[in-house]
Every structure is written in C-alpha cells, then in structure tokens.
Amino acid sequence: MSHSDETILIIGAGLAGTTAAHQLARAGRKVIVVEREPEAGGLAKSLKHESEHGTFWYDIGPHRFHTTDERVNKETLAVLGDNKVERDRVSRIFLYNQFFDYPLQLGKALKQLPKTVMLRSIWDYGIQSIKNLFTKPKDRNFEEWVVRRFGRKLYEVFFGVYTEKTWGMPCTEISADWASQRISQASLLDTIMKSVFRPKGEVRSLISSFYYPEKGGIGQLAISYKNSAIGNGAEVHLNTTVDQILIEGGRATGVSVVDESGAKREIMADLILNTMPLTKLVELCGDSVPQDVTEHKNKLGHRSMVFVFMILDKPQFTHDHWIYIPEDTLTVHRLSEPKNFSDDCAPADKTLICAEITCDFGDEIWNKSDDELRAVAVKDLIKIGLIEDSDVLETFTHREFFAYPLYTLDYREHLDPVLGFIDSLAGLETTGRQGLFKYNNMDHSIAMGFTAADGLIGRDADHRKVATGDEYFG
Ligand SMILES: Cc1cc2nc3c(=O)[nH]c(=O)nc-3n(C[C@H](O)[C@H](O)[C@H](O)COP(=O)(O)OP(=O)(O)OC[C@H]3O[C@@H](n4cnc5c(N)ncnc54)[C@H](O)[C@@H]3O)c2cc1C
C-alpha cells in the first residue's frame with residue numbers, strides 16, 4: 001500500500017488535531033477526525049450565550065493568539081481570512097487595591113508598592129543578585145526559580161501566593177520547568193536600562209499585540225482549520241467519542257467510537273494521531289497497558305477549573321484582556337472580558353466578564369451549585385470594589401476537568417514511561433497539549449499539529465521538540 005492510500009485517524013478536533021488534519025488533507029492524505037464535542041476547538045473553543053440581554057460570545061478562559069513561529073502565524077492568519085482584528089495586549093495584576101502592569105514592569109511596580117514592601121523588595125533583590133554572582137545552584141522548584149531571579153519579597157508578593165492559589169499546592173512542589181516558560185525574565189537592571197535608554201523606533205514584539213477572530217471567538221481558529229481540512233477531503237465526525245483504542249499484536253489498528261445516539265462502531269486506520277489527554281489515551285488502551293505504566297499514569301494529575309460568567313449592566317468593565325487576582329483571601333484568581341478581544345463578543349451597552357477559579361475535580365469548589373459559585377465570584381469582586389451587586393444581570397458557569405497538567409517535581413519520572421508505552425505501539429502517535437501532557441499555548445499546539453503531519457507526510461520533523469526549550473511562552 002502506498003502512503004497516499006493509508007487512512008490517518010485523528011482523535012480530537014482541538015487546535016493540534018485540526019491543524020494536523022488541515023496539513024495532511026492538503027497533502028492529499030486520507031484523513032478522518034473524531035471529536036466528542038459538537039464543534040471543533042477543544043480548550044480553545046468558543047460558546048454563544050443568548051438571553052434577554054443580548055448575544056454574547058465567550059471562550060473557556062481568555063485566549064490570546066500570539067507566536068514567534070512565522071509558519072504558524074502565516075497559516076493561522078491566512079485560514080482566518082478577513083475574520084480578524086488586531087489588539088494591543090493589556091493585562092494587569094490587582095493587588096493592594098491598585099493595578100500593576102503584567103508582565104511585571106519591575107521599576108514601575110516597585111514605585112507602586114507600599115514603601116516598606118518596596119524597600120524590602122529592593123533589599124532582597126540586591127542580596128539575591130549578589131548571591132547569584134557567587135553561586136549558581138540548579139533551580140529545584142518553582143519557588144527557587146523565582147526567588148533567584150526576583151528576590152524573596154517580590155516572589156512572595158507577585159508570584160508565590162498567586163501560584164499556590166492557582167495550583168493548589170506549595171510552590172516548592174511545583175517543577176521549575178513551569179516558571180521558565182511562564183514568567184518573563186526582565187531583570188531590574190534590564191528595566192532600568194530600557195527606561196533610561198529607550199530604543200528608538202523599537203519594533204513591537206509579536207507578543208505585544210495579537211490577532212483575534214472578529215466574529216465567533218477564539219474557537220474560529222480551530223473551526224477555520226477544520227473547514228479547510230474538510231475542503232481538502234477530510235472526514236470530520238463531531239459528537240463522536242473514542243471509547244477504546246483497538247490493539248492487535250502490538251499495533252493500534254483503529255478505534256471504537258460512540259456517537260450522539262449512543263450507537264457504537266469501529267473505525268479502522270493505518271495510523272492514529274491522538275490529541276486527547278494522554279492519561280485518557282492510556283486508559284482506552286485497556287488490557288495492553290502494563291501495570292507499572294498504569295501506576296505512572298495515575299501519578300500524572302490535572303488541575304480543573306470552574307468559570308463563572310457574569311453579564312454586567314455596563315458597556316465595559318475595564319480595558320484589560322485579563323486581570324490577575326493574587327490575594328489569597330479571594331477565591332477568584334483571574335478575570336477577563338471577551339468584549340476587549342473583539343467588540344462583536346457583546347452588545348454595545350452590556351459586557352460579559354469571566355471569573356476563573358481553579359480547583360480539583362470533586363473538591364468543594366467543583367461541587368458547588370451554580371448559585372453558590374455566583375455568590376463566591378460576585379462577593380469577591382464586590383469586596384475589592386470592582387463591581388456592585390446591582391451591576392450583575394445574569395450569571396452562568398462552565399467546568400473544565402483537564403484545564404492544566406500538573407507539573408509536580410517528579411512529573412517527568414512518570415511521564416517518560418507513559419510516553420514510552422505509547423511509543424511501543426506501532427501505528428499510534430500522540431501530540432498536542434493534552435496528548436503530550438504539556439502546559440503549552442495555542443501556537444505550540446498548532447506547531448505540534450503541523451509538525452506531526454510533516455512527520456507523517458515523510459518530512460524530517462519532530463513534533464515532540466515543539467515548546468521544549470526555556471523560551472518564554474508569554
Ligand atoms: C483557561 C485557559 C486559558 C488559556 N489561554 C491561552 C492564551 O491566552 N493563549 C494561548 O496561546 N493558549 C491559551 N491556553 C492554552 C490553549 O487553550 C491550548 O494550548 C490549546 O487549545 C490546546 O489545543 P490541543 O489541540 O493541543 O488540545 P485540546 O484543545 O484539549 O484538544 C483535544 C481535543 O480532544 C477531544 N477529545 C477528548 N477526549 C476525546 C475522546 N474520547 N474522543 C474524541 N475526542 C476527544 C477534546 O474534546 C478536544 O477537542 C489556555 C488554556 C486554558 C485552559
């Protein structure tokens with residue numbers, strides 16, 4: 001059989017799945033995509049809410065698309081066509097009853113802090129900088145990584161509390177891998193140099209502005225890639241859940257799926273490209289999974305999230321895309337406003353905001369009713385003076401189980417044998433944020449989809465190398 005006769009089955013129509021499908025179908029390969037949800041998008045999907053207050057589009061937590069990868073940028077802008085707007089990025093941190101720019105502008109932040117905190121921050125930063133001249137120990141965890149770059153006080157104020165709140169575990173138990181990709185490393189010296197010798201005509205970085213679909217929310221990225229794949233001959237089955245990977249003699253030969261009506265069937269394939277969560281993939285491999293692989297898989301955890309959406313009786317809440325809320329006396333950890341991504345996301349006289357609360361599946365927050373979640377989120381925002389009760393016209397919620405892969409200190413020790421098991425099966429490859437258990441952004445998932453497809457087309461490409469360096473993800 002020639003490669004062009006082979007059937008490639010893709011599990012999941014998130015960004016990794018749809019971009020791989022787009023690329024493979026364009027290269028003339030036979031592609032079948034199965035997605036359990038009614039529309040493409042995965043974590044980067046968008047939903048529509050219609051009520052007496054108007055039509056609102058929202059993402060499952062705010063999504064800004066930006067990339068330093070030229071191919072990802074070019075292909076994504078092309079596939080969106082005219083359906084895009086460009087926005088300057090605005091995020092802030094709300095702390096001590098005031099807003100701090102994010103990424104942290106150290107010089108400016110120090111001026112805003114209460115005097116004692118500011119002096120202590122400078123002192124700690126100075127001491128740490130001197131220590132760094134003489135010792136370069138390996139950062140063993142998130143706390144050590146941040147303290148070595150910012151000093152202890154700035155770590156405590158801006159990073160420690162927020163991170164423990166978001167992850168639900170001490171920063172000393174979180175891998176330093178996460179910090180290096182998530183925190184901009186502008187040093188105090190850098191900041192001072194830039195404010196004194198501001199470069200003339202500095203080109204805006206790809207990260208300072210971003211594109212967003214004008215209509216339909218961030219989900220339009222995956223939908224556009226999906227439509228392109230269909231246009232090039234791919235079959236896409238929505239509302240279709242994979243419930244078993246069929247394995248014969250060490251080879252994945254197909255999948256069993258259940259459709260909306262509950263009907264089961266098998267789809268056979270020469271190659272399977274998975275993008276659903278890795279832990280789920282292993283579970284669906286059934287008896288073929290060795291006991292030790294199951295034990296390692298059970299050690300790979302996920303942080304879940306609930307989203308409380310509030311329709312406010314005002315045209316705009318703030319001008320931010322999102323606002324971090326680090327204080328541990330508050331439950332909400334981030335707020336965002338879809339209308340600031342595209343005017344089309346809300347009617348002119350109303351706005352919608354999203355309050356994110358991280359949690360563990362089945363814990364007290366996860367199990368709260370919608371009314372109880374509303375009460376938690378509204379109380380937090382009233383307490384810090386950002387809204388009044390009468391501003392809130394309507395609320396609704398969403399829950400996401402696999403929001404963040406947990407980068408515990410030993411996650412790699414468990415991840416490697418699990419990936420090793422998948423690699424031992426012929427005809428099965430796994431990619432994407434969930435498929436590789438990686439805390440990466442949309443552009444990385446797109447790059448993974450492209451690169452995995454390149455590999456299947458026979459080009460020299462390794463999708464597992466995407467987003468593996470110490471680059472700052474933004
Ligand atoms: C709150 C939040 C905010 C974020 N903000 C940003 C941001 O601002 N910028 C940015 O670049 N990135 C952001 N991200 C990250 C971004 O959402 C992800 O990197 C990206 O969407 C992952 O795409 P993926 O295709 O790799 O995985 P997924 O989107 O998870 O795709 C996997 C697909 O598999 C499907 N699936 C699962 N199980 C089955 C099954 N049994 N059968 C069939 N299908 C199945 C799922 O429904 C899903 O569609 C954010 C993520 C979160 C959680």
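The values are calculated or read from the model by the stated rules, or taken from the named source; none is laboratory data. Predicted model, so just to flag it, every value in this text is computed and none were measured. Backbone-built Cβ (ideal geometry, glycine too); neighbour counts: all protein chains shown.
Points worth noting:
- Residues of region 393-426 classified as more than 18 Å from the chain's Cα centre (by Cα), assigned to a strand (DSSP E or B) and within 16 Å of the ligand (Cβ to nearest atom), total: 1
- Some residue of region 200-209 being modelled with pLDDT of 95 or more, surrounded by fewer than 20 Cβ atoms within 10 Å (Cβ to Cβ) and within 28 Å of the chain's Cα centre (by Cα): no
- Within region 50-69, if we keep just the residues that are acidic (D, E) and more than 8 Å from the ligand (Cβ to nearest atom), the residue that is modelled with the lowest pLDDT turns out to be D69.
- Residue in region 358-369 that is part of a strand (DSSP E or B), within 16 Å of the ligand (Cβ to nearest atom) and buried (at least 18 other Cβ atoms within 10 Å of the Cβ) present: yes
- Failed criterion for K350 (all others in (1) in contact with a Lys or Arg (Cβ under 6 Å, 6 or more places away or on another chain); (2) over 30 Å from R464 (Cβ atoms) hold): (1)
- Residue within region 101-113 that is within 16 Å of the ligand (Cβ to nearest atom) and surrounded by 14 or more Cβ atoms within 10 Å (Cβ to Cβ) present: yes
Residue-by-condition table, conditions (1) in contact with a Ser or Thr (Cβ under 6 Å, 6 or more places away or on another chain); (2) over 24 Å from N440 (Cβ atoms); (3) away from the ligand (no atom under 16 Å from the Cβ); (4) modelled with pLDDT under 95:
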position	(1), (2), (3), (4)
R265	no, yes, no, no
D292	no, yes, yes, no
N298	no, no, yes, no
S304	no, no, no, no
F307	no, no, no, no
Q316	yes, yes, yes, no
I323	no, no, no, no
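- Residue count for region 5-17 satisfying the condition of being under 25 Å from A426 (Cβ atoms) and either out of contact with any strand residue (DSSP E or B) (no Cβ under 8 Å at 6 or more places or on another chain) or more than 6 Å from the ligand (Cβ to nearest atom) (or both): 8.
- Selection from region 31-79 of residues that are hydroxyl-bearing (S, T, Y) and part of a loop (DSSP other than H, G, I, E, B): T67, T68
- Condition check for D443: buried (at least 19 other Cβ atoms within 10 Å of the Cβ), in contact (Cβ under 8 Å) with a residue 12 or more places away in the chain and within 16 Å of the ligand (Cβ to nearest atom): yes
- Looking across region 24-41, the residues that are within 15 Å of L9 (Cβ to Cβ) and within 14 Å of the ligand (Cβ to nearest atom) come down to I32, V33, V34, E35, R36.
- Residues that are among the hydrophobic types (A, V, I, L, M, F, W, C) and part of a loop (DSSP other than H, G, I, E, B) were ranked within region 1-30; the one that is nearest to L281 (Cα to Cα) is A13.
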